[in-house]
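The values are calculated or read from the model by the stated rules, or taken from the named source; none is laboratory data. What you are looking at is a predicted structure, and each value in this text was computed from that prediction instead of being measured. Cβ sites come from the backbone with ideal geometry, for glycine too, and all protein chains shown count toward neighbours. Quick note on the areas: whole protein, heavy atoms, side chains included, nothing else; ligands and nucleic acids left out. Shrake-Rupley method; radii C 1.70, N 1.55, O 1.52, S 1.80 Å.
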Amino acid sequence: LQQLLGRVHAKSGAQLAQASPSVIGPPTPYYILALSSRKALLDRPIQHIQGYPQAFAMTQGTMGTGLGFVAASLMTIGLLSWLASNPAVTNSHGKGTLRAPISSGSGAQVAALAVVEQSHGPPGGAVAAIDTAPATAASGAAIEDGGHTTQQDASQPEQSEAKAAMVRLHRDFDARVAVVREVGADADLTDSTEEDSVSEVLAEAQALLRQWHLHAAEEHLESAVNKSRAWHLAAQRDHQPTARVDRAALSVGEALTRLGFFQARYGQPSVAVNPLQEAVHVVKALTETKQCGSAAWALLARAESAQGSALCEAGGEHGVVVGKARQHFQAAMDAVSQARRLEVGGASEKNFMVIDAQIHADFAECLADQSTSGNHDVDSVQAAMQEADRLAIAAGPATPGQPRVVMKLTKMRADFVHEESKFSKAVSLYDEYLAKGVSPVVGVEPYATIELFEVLQGQSIAMSSLEKHVEALALLDRLEDIQQSANTELHKRSGSTLECGSPDKRLWDSMARTYKIRADVLQAQSGERAPDAAVSAAQKAVDMLRHEGASQLGLMDALITLGNVNQSRRALQEALSAYREALDLGKNVLGQNDVMVASVLHNMGSASVAAGDYHQALRYFQETLAIEQSVLGAESAETVLTHLSIANAMALSGDHEAALQEAHRASEVEQLAHAEPDPQIRHLRQALRPLLLSSGRSSSEPRRPAATA
């Protein structure tokens, strides 16, 4: 234990201060020391002691590790208590706080339990450390932490919470005794050492990630995968007992899931599919055994959900991949339900509720982003969001990860009302998110800053829709500066000297989207004809995404904007070229029958009308209508504009009788769908009216595009 504590001293400041608790189960001796020593051994121990019971409870599960876990936990409690009574002392081992020597072997059971069960020891004892407030920790005292002054809440946790943590300690200790009896103390010690080795590398990877060392973090995750695989293979090769093989397999699944998460968030989502598939395969085998605990089911849920998100983000296979993503999300929901069933009333029940909420939120996000079934998916999105919200509320804000889920749901609600054109409400929800959001600084995981950037982008679009174009452009100016600074810092920390691209693919995609939105706002501000700056911004977004981007849907969106700004400037061939590329991408990523594909086809029809190619325009519009009727329904409001566009193309080509019938059909659908007034429909009717009243006269009036995506 002294050697383990020495390892904490060597690494806690630079790497383990950001260590996150493992979800595999109760931490091994090294991991619990790393967790509870976050800064406590280095500088301000008193302010960190009171969070220990929550941190301790947060790491509990059902799998358990070695007997050393109990000894290390008690040693740490006593250590922190001793530091509380000696605030001037730092970097000390606190050897005098344990009332019984803890050694390896069976004697550790008696000594550890003796310390736990003494609830009325002298001041500074193990139990007192979590039930009694340090005298020097003033309530509400301001503390400086890393250059930032914050208000520290010094209120003590409920005694019942502290005692519940001790009960869980007893329970996990009993679980470990059973395992030791099965495999032997020496074998258990060997496995604990192996597990510690993997957990150490995973903790270092997480710390490096929060320090924005993305390349080094990925290397550590790959190293953890290799270590766990070697351990698992050795256990299988030596025909070790099932309990030992399963323990190694669980470590493999955890390492692979972490690696897949990383690759999906910071690299190419398609690359993340392979490690996540392997993680699902390994962990699913564990869940088929009678001895499977809740931690294995929870890990399977995380791996399945991560695979669903990666597939949804990658797209492809003409929309088939999105269907596969749905299956993985459903499997994740089933797995986490099993975990919660096994943990009812247990230590990890609320933790698993947060995982369940995150899965539902990710599923809703996938459906909303892909829009593969048009408005038919609106109900599914809302249902998933409501379930995520219910689970998050039930888990409570004190449960690790719950605040992040709540923040994500706030953003998703803002995006949802934004899509419904309720722009003022969207701005209000975006403001609510920003009031509680993270800052894009080192120490915050880069992925969290991407969500912040998306909120700022959504807010700028909503402001532009409210005719606040100047404010929207000013917000985009600030956002662009922040993104450039973040990318420069990432390059510096990764050791990259390249000026193009980004170590974080998601950040690069987000930067490109800022340029794309700038082009949209500039076009909306100028009216009919987009300025040169709009063309430049749209072209830059397309170039960034073509060469270094990870999102095919992002490139498709940027191409549509480039087509729109060129069409507004009567650069019709350039517009059609951009639309064709967007159409090919859309069909590959989303499939033939998707509303976004229909939108691109409609824009191509509008450009063809402007170019005088009425027959080609008619073909584009008819293909658009077929998709809309198939996906949205023959009497959906979205088809009204398409019917009028077909009528316009027919009238311009000389087929006035057919045009009149199509215009009547548009009016019928508009009444049946109770469609709200639309400026583009009104504009198109005004242009179409003289054509239908004349026999052969064509309109020479310039038209804006019939639809813009």
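Tabulated data for the structure shown
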quantity: Residue in region 437-445 that is open to solvent by 20 Å² or more (accessible area, probe 1.4 Å), out of contact with any His (no Cβ under 6 Å at 6 or more places or on another chain) and either at pLDDT 95 or above or part of a helix (DSSP H, G or I) (or both) present; calculated: no
quantity: Sole exception among (1) part of a loop (DSSP other than H, G, I, E, B); (2) surrounded by fewer than 18 Cβ atoms within 10 Å (Cβ to Cβ) for PRO503, by number; calculated: (2)
quantity: Single condition GLN277 does not satisfy, out of (1) surrounded by 21 or more Cβ atoms within 10 Å (Cβ to Cβ); (2) of a type outside the set (A, V, I, L, M, F, W, C); (3) under 26 Å from the mean Cα position of the chain (by Cα); calculated: (1)
quantity: Inter-residue pairs, beta-carbon under 6 Å, first under 12 Å from ILE359 (Cβ atoms) and in region 386-408, second of a type in the set (S, T, N, Q), 6+ apart; calculated: ALA392/GLN402; VAL405/GLN358
quantity: Flag for SER223 being among the small types (Gly, Ala, Ser), more than 24 Å from the chain's Cα centre (by Cα) and modelled with pLDDT of 95 or more; calculated: no
quantity: Which listed residue, of SER305, SER309, is of a type in the set (Ser, Thr, Tyr) and open to solvent by 20 Å² or more (accessible area, probe 1.4 Å); calculated: SER309
quantity: Whichever residue in region 516-555 is open to solvent by 20 Å² or more (accessible area, probe 1.4 Å), among the small types (Gly, Ala, Ser) and within 26 Å of GLU467 (Cβ to Cβ) and, among such residues, is modelled with the lowest pLDDT; calculated: GLY527
quantity: Answer from GLY654, GLY612 - the residue that is touching a residue at least 12 places away in the same chain (Cβ under 8 Å), open to solvent by less than 60 Å² (accessible area, probe 1.4 Å) and over 29 Å from GLY591 (Cα atoms); calculated: GLY654
quantity: Cβ pairs under 6 Å, 6+ apart, first in region 521-545 and within 26 Å of GLN680 (Cα to Cα) and free of Cβ contacts under 8 Å to residues at least 40 places away in the same chain, second open to solvent by 20 Å² or more (accessible area, probe 1.4 Å) and part of a helix (DSSP H, G or I); calculated: ALA530/GLN523; PRO531/LEU522; ALA533/LEU522; ALA534/LEU522; ALA534/GLN523; ALA537/TYR515; ALA537/ARG518
quantity: Residue pairs meeting the criteria (Cβ under 8 Å; at least 6 apart or on separate chains; first more than 20 Å from ILE461 (Cα to Cα), in region 476-493; second crowded, with 17+ Cβ neighbours inside 10 Å and of a type in the set (Val, Ile, Thr)); calculated: ALA486/THR449
quantity: Filter result for ALA647 (open to solvent by less than 30 Å² (accessible area, probe 1.4 Å), at pLDDT below 90 and over 41 Å from the mean Cα position of the chain (by Cα)); calculated: no
quantity: Evaluation of CYS312 against (1) of a type outside the set (Gly, Ala, Ser); (2) in a helix (DSSP H, G or I); (3) at pLDDT below 85 (one fails), failing number; calculated: (3)
quantity: Odd one out for LEU434, checked against (1) within 30 Å of LEU490 (Cα to Cα); (2) surrounded by 15 or more Cβ atoms within 10 Å (Cβ to Cβ); calculated: (2)
quantity: Cβ pairs under 8 Å, 6+ apart, first in region 357-383 and more than 25 Å from PRO397 (Cβ to Cβ) and in a helix (DSSP H, G or I), second at pLDDT 85 or above and of a type in the set (Ser, Thr, Tyr); calculated: CYS366/SER309; LEU367/SER380
quantity: Condition check for ALA298: open to solvent by less than 10 Å² (accessible area, probe 1.4 Å), at pLDDT 85 or above and of a type in the set (Gly, Ala, Ser); calculated: yes
quantity: When residues of region 380-431 are limited to those that are open to solvent by less than 20 Å² (accessible area, probe 1.4 Å) and among the polar types (S, T, N, Q), the one modelled with the highest pLDDT; calculated: THR410
quantity: Among the residues listed as VAL282, VAL252, VAL225, the single one being open to solvent by 20 Å² or more (accessible area, probe 1.4 Å), of a type outside the set (S, T, N, Q) and within 21 Å of LEU299 (Cβ to Cβ); calculated: VAL282
quantity: Only listed residue being modelled with pLDDT under 95 and either touching a Gly at 6+ places or on another chain (Cβ under 9 Å) or within 22 Å of ASP543 (Cβ to Cβ) (or both), chosen from LEU632, LEU641; calculated: LEU632
quantity: Any hit, region 474-497, residues being outside any helix (DSSP H, G or I) and either over 28 Å from GLU219 (Cα atoms) or open to solvent by 70 Å² or more (accessible area, probe 1.4 Å) (or both); calculated: yes
